[in-house]
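One structure below.
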Amino acid sequence: MGLSEALQGAINEQVKNEVYSAHLYLAMSAQCEAENLPGMAHWLRIQFMEEWGHALKLFDYVNERGGRAEIRAIDQPPARFGSPLELFQEVAAHEARVTAMINDLYALAAKENDYAAQIMLQWFITEQVEEEKSAGEIVDQLKMIGDNAVALLMLDRELGARVAEPGMGPMPATGESDA
Ligand code: FEO
């Protein structure tokens, strides 16, 4: 069974939303670089790559189901995000918006009795729990830190240790691209 037109359109729209998320986090990373917070910049750069991974997962799924993946226009993200606390509050708010988008996609797949798409989307539902949790934890830590510069630098160092999940970037996980 192929994807319905409505579901194919909604998944293509989510490819766009995931690429927007990637650009948003790369823009945030640029601000952190400019403010000498390399750990936060690194964390956000990994987030950028993960969002590309999400976009490709959906793109590949449309193709696997015999549909037609589309690349849609992406809005320009903001260039300024306020303090580190305000920046990560925006990460958390953005992830909550993405969760609502994924839930709407799942509801559409359920309405159309597309069981295969529901199974694929369950991965995203689980991922969103993780995404909201990690952003929320950083917001809570930044609230505790307040204007303590030493504590901020310690958190920055900790976030700089984030390791990318295998296979969740725009490039193949195994390095076949050199072939
Ligand atoms: Fe693709 Fe951060 O959700």
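The values are calculated or read from the model by the stated rules, or taken from the named source; none is laboratory data. Quick caveat: nothing in here was measured; it's all calculated off a predicted structure. Positions of Cβ are generated from backbone atoms using ideal geometry, with glycine treated the same way; all protein chains shown enter the neighbour counts. Protein only, heavy atoms only, side chains kept; ligands, DNA and RNA dropped before computing areas. Shrake-Rupley method; radii C 1.70, N 1.55, O 1.52, S 1.80 Å.
Criterion applied to Ala107, Ala100, Ala79 was being outside any loop (DSSP other than H, G, I, E, B), open to solvent by 30 Å² or more (accessible area, probe 1.4 Å), of a type in the set (A, V, I, L, M, F, W, C) and more than 16 Å from the ligand (Cβ to nearest atom), and the one residue passing it is Ala107.
Checking each residue in the range 110-119 for being in contact (Cβ under 8 Å) with a residue 24 or more places away in the chain, surrounded by fewer than 19 Cβ atoms within 10 Å (Cβ to Cβ) and either part of a helix (DSSP H, G or I) or among the β-branched types (Val, Ile, Thr) (or both) picks out only Ala116. You will find that of Leu24, Leu37, the residue that is of a type outside the set (Ser, Thr, Tyr), surrounded by 19 or more Cβ atoms within 10 Å (Cβ to Cβ) and either closer than 20 Å to Glu130 by Cβ or out of contact with any helix residue (DSSP H, G or I) (no Cβ under 6 Å at 6 or more places or on another chain) (or both) is Leu24 and no other.
Kindly indicate the residue of the range 154-170 that is in a loop (DSSP other than H, G, I, E, B) and either open to solvent by 100 Å² or more (accessible area, probe 1.4 Å) or aromatic (Phe, Trp, Tyr) (or both) and also modelled with the lowest pLDDT among those meeting that condition.
Here the residue is Pro166.
Leu87 fulfils the conditions (1) open to solvent by 30 Å² or more (accessible area, probe 1.4 Å); (2) at pLDDT 95 or above except for a single criterion, (1).
Of all residue pairs spaced 6 or more apart or on separate chains, those with beta-carbon atoms under 6 Å, a first member in the range 132-150 that is over 15 Å from Met40 (Cα atoms) and a second member that is surrounded by 11 or more Cβ atoms within 10 Å (Cβ to Cβ) are Glu132/Glu95. Remark: Tyr61 falls outside the filter, which requires a residue to be under 15 Å from the mean Cα position of the chain (by Cα), part of a helix (DSSP H, G or I) and of a type in the set (Phe, Trp, Tyr).
Here Lys57 fulfils each of the conditions (1) surrounded by 13 or more Cβ atoms within 10 Å (Cβ to Cβ); (2) touching a helix residue (DSSP H, G or I) at 6+ places or on another chain (Cβ under 6 Å) apart from (2). Is it true that His23 is away from the ligand (no atom under 11 Å from the Cβ), at pLDDT 95 or above and more than 11 Å from the chain's Cα centre (by Cα)? Judged against the criteria, His23 is not a match. Residues in the range 120-153 that are among the charged types (D, E, K, R) and away from the ligand (no atom under 16 Å from the Cβ) were compared, and the one that is surrounded by the fewest Cβ atoms within 10 Å (Cβ to Cβ) is Asp147.
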